[in-house]
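Each value in this text was obtained by applying a stated rule to the coordinates, not by laboratory testing. These figures come from a predicted structure and were not determined experimentally. Using ideal geometry, Cβ is built from the backbone for each residue, glycine included, and neighbour counts are taken over all protein chains shown.
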């Protein structure tokens, strides 16, 4: 859902829960498949009339609960039943009872989905009404926003209760299946439902995965449920296998239709990468496809291109690449993905790279070349070849849109101004980043604990700062080109146990100066204008300022022609040979403390001061004067006129 005046990320953050994610976790189930499987078990054992009556009774209630059509990916019920019966040696008398168990499970899931959809529909109707009142200029905007938050929180509570009740019923159904002689892991559709939900604790997920035998693991990988490929606590190589299989499905679904029309797959992919129209993409319904099929295909192409670029063009020296996360239709079809160069489960050093505004799968962050991750990986490999490094390019959040060449348009666009000028999207992203980074420890296999560094650029730096205040665990943090740290007001708020917060801020990067205004000026201006961006404005403090307490490293842009700080010098922090990339590499391989000895630290920004004269020469001699330093409200950057900026710092 998208509103014009109220920020959905703000609602989610303030409500403390996401009702849309809860609904999606329920709607992902396929009760029609379970019901058809139940019918197949029933047909295989009709001899027990009492069980048959119970089955028909359950089927009546299923039809009453199920409001949608048959699922789009049916299974071969007879084959499935035959496989299970043969493998487990079930008796005919058991089959109808199993059918009843399965159908009751389908009833519970269908009813949970129906209830959840009803709640979401009511929430969206109510939010649209409130959003309209805000747009109409009603005076009490704070009250309207509070109403929207309260409604979101209430619906999220209801949906979590629905999901918890279904989970309890699922446990009972599984127990009955086992009592009736069926190992639920042997029944494909039920087995998929037993995958832990997305918000499960990663150590619990890791224990669940370890408890499965090789056959069960192979079966789950073969089924390649998208939920499994994005679940923290599942080994990285397993996630890669599952996610690549899902991506392959997304490619083949459209390309099989294209081949029937005589179009080459390579040509169609090229059209996607170069934003060229093709009839099958513009009018999918004419070819038996849906708009979602096309969206999945387009982002699959872009993600696949990112995998190829991350791997490199030299097969003998290809970089090891894993598709660690993949959801091509997340965030309103902007897409979610994470590509690991190296294996974070076995690497001694792991870096998580978080991009900034204007980044998305759809927008080409991967397909245009994830240079940040590639350059950091290559430099880390050269800086310390004795210890493996993995770099995770994390496009796991909905980044705001901000086009620097057209920055003036953002100022008059309420929706974009709300995205880029408020912290809500960063806070929502921070929660997702926290979950993913903290999940790395659950699958790490190296004999020594891994050294984890989380690096954020631009709005991604604000996201990283918020994630650390939410309990993200890492050894070191790096913020470059940071527009503000939102919930963190000082380095101590990052809670780095034995680690450090490092900051790179080019003196000519306009974005890195935004935090100098803090939240007071943006909030005051927002209030003066009638709160066009909602109840909060601004992104927080400048971490490059002396009062913040971070370690600032050199990050100037070679050959900069900026007379004043501007946006053109905001995207050079990962340039090969740059001061910034050198310093980030040292931090990632665990040598951040060496920066001072290398002369690569920088003095922080601080208050400008006016100094009085120390002496005055007169005809009667030199007159000594008391020395005074008067602070000014102007922030100065000691890096501004440094002359020794070079691009020769590569390893």
**Message:** Give me Rg/Rg_expected for the stretch 308-405, where Rg uses Cα atoms only and Rg_expected = 2.2 N^0.38 Å with N residues.
**Reply:** 1.11
**Request:** Give me 261, 114 ranked fewest to most by other Cβ atoms within 10 Å of their Cβ, as a rough exposure proxy.
**Result:** 261, 114
